[in-house]
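Taking it in order: structure first as structure tokens, then the write-up.
Computed from the coordinates by the stated procedures, all read-outs in this text should not be read as laboratory data. If you're wondering where the values come from, they're calculated on a predicted model, not measured in any experiment. All Cβ positions, glycine included, derive from the backbone under ideal geometry; neighbour counts span all protein chains shown.
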Amino acid sequence: MKKQNHKNGLTLIELMVAMVAASIIILIASLILIMAFRSWRVNNAYVNLRRDSAFAFTMMARNVRESDTDEVEWAGGTLTIPSSVLGKPTVSYYRDGEALRYNENGGTMTLIHDNVDEFSATTTGDPEADDGVLLRLVLADADFGIAITNEMFVNTRN
């Protein structure tokens with residue numbers, strides 16, 4: 001009988017094909033992970049803009065609601081609620097560079113540290129017709145190319 005010679009193992013071509021296939025799989029997995037991470041970062045930045053906006057509106061709305069529309073002043077980019085309102089100290093909201101600041105009793109607090117693109121508060125200017133203040137806040141994150149615009153009408157006559 002003739003003896004057969006079987007060699008077990010991989011040839012160089014089989015090894016190279018396996019390495020190319022593994023490299024393609026690793027490349028595809030890496031691209032998927034990179035895209036998922038980028039998407040997570042953009043969504044996280046968007047959520048942060050929304051959270052900052054909601055916090056600022058909550059603070060402003062509380063003070064505006066406690067006032068009367070003819071007491072609220074919007075001048076020079078500053079929303080001011082004078083101290084005559086319920087005996088509280090004068091409160092001011094203003095944009096400082098990319099930050100939104102809150103000033104009460106001489107103390108300043110930053111409501112939003114950065115990304116403030118626009119801040120405004122408007123009334124019709126007619127004390128008889130005014131029953132509130134329209135607050136507008138535009139936040140933009142240049143790093144991710146996203147921006148949000150929020151408007152809120154705060155009623156002052158309950």
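Numbers at a glance
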read-out: Ranking of MET60, MET35 by count of other Cβ atoms within 10 Å, fewest first; value: MET35, MET60
read-out: Rough spin-label spacing in nm, given labels placed 7 Å along Cα→Cβ, for THR122 and SER30; value: 5.2 nm
read-out: Extended-chain gain in nm, criterion 0.36 nm per residue less alpha-carbon gap, ALA22 and ALA99; value: 22.8 nm
read-out: ASN43-THR58 pseudo-label distance in nm [points 7 Å out on the Cα-to-Cβ vector]; value: 2.3 nm
read-out: Label assignment, log10 I(q)/I(0) by the Debye sum over Cα atoms at q = 0.08, 0.15, 0.18 Å⁻¹ derived from the structure, set [x] -0.33, -0.89, -1.11; [y] -0.22, -0.80, -1.14; [z] -0.41, -0.84, -1.06; value: [z]
read-out: Relative contact order of the stretch 51-155, pairs being alpha-carbon contacts under 8 Å that are 6 or more residues apart, as %; value: 22 percent
